[in-house]
Each structure stands twice: as C-alpha cells, then as structure tokens.
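**Q** One structure coming up, written as structure tokens, with questions to follow.
Bear in mind that the values in this text are calculations on the coordinates, not laboratory data. All of these numbers come straight from a predicted model, not from anything done at the bench. Cβ: placed from backbone, ideal geometry, glycine included. Neighbour counts: every protein chain shown.
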Amino acid sequence: MCPVRNSLFAVLILVFIGCSPKKDPKKQEHSFQSIYYIEQDSDAYANGKHHGSALKEEVILQVNEWHKGITDALNIDQDSMHNIVHKHTGFVKAIEKYAPELLEEINGIADGAGLDRDLVLLFNLGEEIYNFCTSNYESCSNMAYRGTDKNILVYNQDLPKFLHGSGQPILLRHRDHFVFTMPGSIALSGVSENLAVSCNSLPMLNMNIEGLPLVFVVRKLLQMESISEARHFIEHIPMAIAQNLMLVSGEEVVNLEISKNEVNVHTAKMDSVYYHTNFPIQNSDYKTAGYQHRTCNRYLFLDSLDMAAKSPEDLSKLFEKAFATRPIKNDETYLQFLVTYQKESKPILQFINPRTNESVSLTF
C-alpha cells in the first residue's frame, strides 16, 4: 500500500474509534437492572471521582434527599451540621489520623458529581450527626451460623426512606473485597475474601465524639486479613457511634457491641446460630441512666424461628426465607446480602436489591 493510502487508512481508523459510542459507566462492567456496579482499581481520589462522575445524577439526588430529610428531622441547616463536625467533635481529626485516604475518596466523589466537598463529607457522616443531636435511627438485622465446614451470614440493611434515593444500591468492586453502599457514600457494609462486615446501630448507648465515623471503620475492616486483626483495630481505635458489628469469616463468627466506654465480644460456639438487631444484649453503657433493656419485633421474630438440628444447607434456606419476610424485610430495607464461607474454598456471595428482588451471585 502506498504512503498516501496508508495515511488515509490510519486517519479513517482514528475517526472510527473517535466516533464509536462510549460505554455507559453504569453498565460497562455488568448489566444489572437495579444494582449499580463500579470497578475500583485506582488510587482513592480517582476511585471517588469515578464513583461521583459515573453516577452524578444519582449522587446529587441522594445527597439532596438526605439533606432535606435530615434538616427536616433535626431542624438544623448545613452550617449547623458543619459546626457539629468541625467544631464540636473530633471526627475529622480521627479520619485524618486513621483513614486519610478515604477522605480523598470523598473529595473525589464530590468533584466527580460537581458537589461541595464539605456537603459530601457531611452526607457520609449523617449517622454521626443524627446521633449527636438525638437518638439515632433504629433498624437493620443480621443472623449468622457457625458450623464445622461452613459459616453463614445474612444481613438486611435498613435505611430511612430519605436515604433510598433512586432505590438502586451500589457494588464497589475492589481487588479482594466488595463494598455495599449507596450513591455518594463510601460504605454501608461489605464482604471480602477474609471476612464479612454487617452493622446495626445501638443509639441508646454512648457515642464517642472523638472517634472514627462508621463508614470509615467499615472500609478499614474490609482491608483486614482476619477477624483477629479486625478485633485489634476495633479494640484500639475509638469508634464514633455505638454499633453492633457482626464479623464472619471461614474460621469464626464474632459479634461485637461497641460504645464509648465498652466493647463487648461474643464468639459463637460451634454449630450455633447468633442474631442481633438494634438493642444491646451485653453492653450497658447507656446514654440515659436507668435505661430499661427492651427489644423489637424483628428480634422476637428471629427468636421464634425453629433452628434446632437443622443442616447448614437447611439453615441457609431458612435464613434466606426469614430475611425476605416481614418484619425483617420491610419498606425501609435498602440492601441484603448472604455470604457463605467454606473451608478450603472461596466465599459464595449473593447480593440482593430488596425493592426489585434482583439477586446477583458474586465471586472473588
């Protein structure tokens, strides 16, 4: 081919490439109908910017609805929330000390979505702000089984309706773990090859205004190589708001109730089932002196299930059915996952959008 024709051919190729339709980042990796999937394989800021730009409209919707919901509920404006975070608590100092890279990820989300960085930070600290002002939202349920050959965790994460946005949760896919979250947030819960993390708020217990906020704790735990390492982190790094964390791996099922002045740890025995909602079982570090222990209809429902002498396979089916049934699954259930850790093999993970019942199987 002569040089002129060769050059013309090259130009045509470039034009063709330049005019090819660009892939929708929301659909690029997987074509789920009601679940967003985003690969996270860059540095923290770039990962955040990808999140913010790929889901720009959804992030803006989510943050705006949260802003209206929390200001209506607490009768405060953004300046008041800013003062809580930056002047009356040590949240930002704790983030800068223990998880500065995740602050960069939040900045990336804000820049990608074209939002104010401080507003997106406040959005990610919404539970801490709510807890600072009043008793926090009470919801979420988890249940785990520890067996000889496999351990199982099922979790429903409930959120107030003003946090449901478009009703499509996000899977953030990192190299060795999945982060489950909503547009604009760096984490709600998650599963790694090494352990799974589920969270239930315990708003009646004392918070630590100098502690590390929840979404940052979840992300740090998902980077741990074992529950032992995760427990060391929890027991040595102050956590901002009181939580029940249920951690499950191939070796252990560990339930923690964490508040400002107490960390209670319960390790499940072999062939046992453990469940939790939003009321402490062991921790008595109450905000109000003389607080009377109480329970909820979700806990009573789980307590009523017949789990005697069932095989792990039957328990897994029972868990799945129970967590798709009221009151465990309710109008505020935002996401659900079920993970099975098997000895000598990788975890089996199922992620569900409860609004549409779309279910996806995920592998590592």
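**Q** Determine, for C140, C133, the number of other Cβ atoms within 10 Å of each Cβ, and report the residues in order from fewest to most.
**A** Details: C140 26, C133 16.
Exposure proxy ranking, most exposed first: C133, C140.
**Q** OK, next. Could you tell me the calculated FRET efficiency between E344 and E65, based on Cβ-Cβ distance and R0 = 41 angstrom, to the nearest 0.05?
**A** Plugging the Cβ-Cβ distance into 1/(1 + (r/R0)^6) gives 0.35.
**Q** Still on this structure: What residues of the range 30-50 lie in the reach of a label at D118, counting those whose backbone N is under 19 Å from a point 7 Å from the Cα along Cα→Cβ?
**A** none
**Q** Could I have the simple spin-label model distance between E210 and Q292, label points 7 Å from Cα toward Cβ, reported in nm to one decimal?
**A** My value for the distance between the label points is 3.6 nm.
**Q** Calculate, in nm to one decimal, what L74 and T356 gain on full extension: separation in residues at 0.36 nm each, minus their alpha carbon distance. Walk me through the numbers on the way to the answer.
**A** Numbers: separation 282, 0.36 × 282 = 101.52 nm, distance 3.08 nm.
Contour length minus Cα-Cα distance gives 98.4 nm.
**Q** Quickly estimate the mean residue ellipticity at 222 nm for the chain, helices only: each DSSP H run with n ≥ 4 gives -39500 (n - 2.57), and the total goes over all residues, rounded to 500.
**A** -11000 deg cm²/dmol
**Q** Something else about it: Can you tell me the dipole magnitude for the chain around its Cα centre, using point charges on the Cβ only (Lys, Arg +1; Asp, Glu -1), in Debye to the nearest 20?
**A** Roughly 600 debye, rounded to the nearest 20.
**Q** Follow-up. Which one of Q168, Q223, Q282 has the biggest mean-square fluctuation once the chain is modelled by GNM with Cα springs under 10 Å?
**A** Q282
**Q** Please give, to one decimal in nm, the separation of the simple spin-label points placed at K269 and D331, each 7 Å out from Cα toward the Cβ.
**A** Output for this residue pair reads 4.2 nm.
**Q** Multiply the residue gap between E225 and S135 by 0.36 nm, knock off their C-alpha separation, and tell me the result in nm, one decimal place.
**A** Between E225 and S135, full extension yields an extra 29.0 nm.
**Q** Here is a follow-up. Under 8 Å for C-alpha pairs, at least 6 residues apart: give me the relative contact order for the chain, rounded to a whole percent.
**A** Dividing the mean separation by the residue count of the chain yields 18 percent.
**Q** I've got another one for you. Percent of Cα-Cα pairs per 10 Å bin, from 0 to the last occupied bin, for the chain, please list those.
**A** 5, 24, 34, 23, 8, 3, 2, 1, 0, 0
**Q** Of K93, K346, K317, which is the most mobile in a GNM of the chain whose springs link Cα atoms less than 10 angstrom apart?
**A** K317
**Q** Across the range 141-362, how many lysine pairs, 8 or more positions apart or on different chains, have C-alpha atoms separated by under 18 Å? Please give the number.
**A** The result is 12.
**Q** Whole Å is fine, so just give me how far the alpha carbon centre of the range 125-145 lies from that of the range 257-330.
**A** First find each Cα centre; the distance between them is then 15 Å.
**Q** When a footprinting reagent is the concern and you count Cβ atoms within 10 Å, what order do E235, E229, E320 take, fewest first?
**A** Taking fewest neighbouring Cβ atoms as first place, the list is E235, E229, E320.
**Q** Of the residues E252, E127, E101, which exhibits the maximal mean-square fluctuation in a Gaussian network model of the chain defined by a 10 Å Cα contact cut-off?
**A** Highest fluctuation of the listed residues: E101.
**Q** How high is the relative contact order of the range 219-364, in percent, counting Cα pairs under 8 Å that sit 6 or more residues apart?
**A** Values: 158 pairs, mean separation 17.5, N = 146.
With pairs under 8 Å counted, the relative contact order is 12 percent.
**Q** Still on this structure, please answer the following. Before anything else, pin down the relative contact order of the range 41-133: Cα pairs under 8 Å, at least 6 apart, normalised by residue count, whole percent. Can you show the working numbers first?
**A** Values: 94 pairs, mean separation 44.7, N = 93.
Relative contact order for the range 41-133 comes out at 48 percent.
**Q** Using the 10 angstrom Cβ neighbour count as an exposure proxy, how do I209, I170 rank, fewest first?
**A** Lowest to highest Cβ neighbour count: I209, I170.
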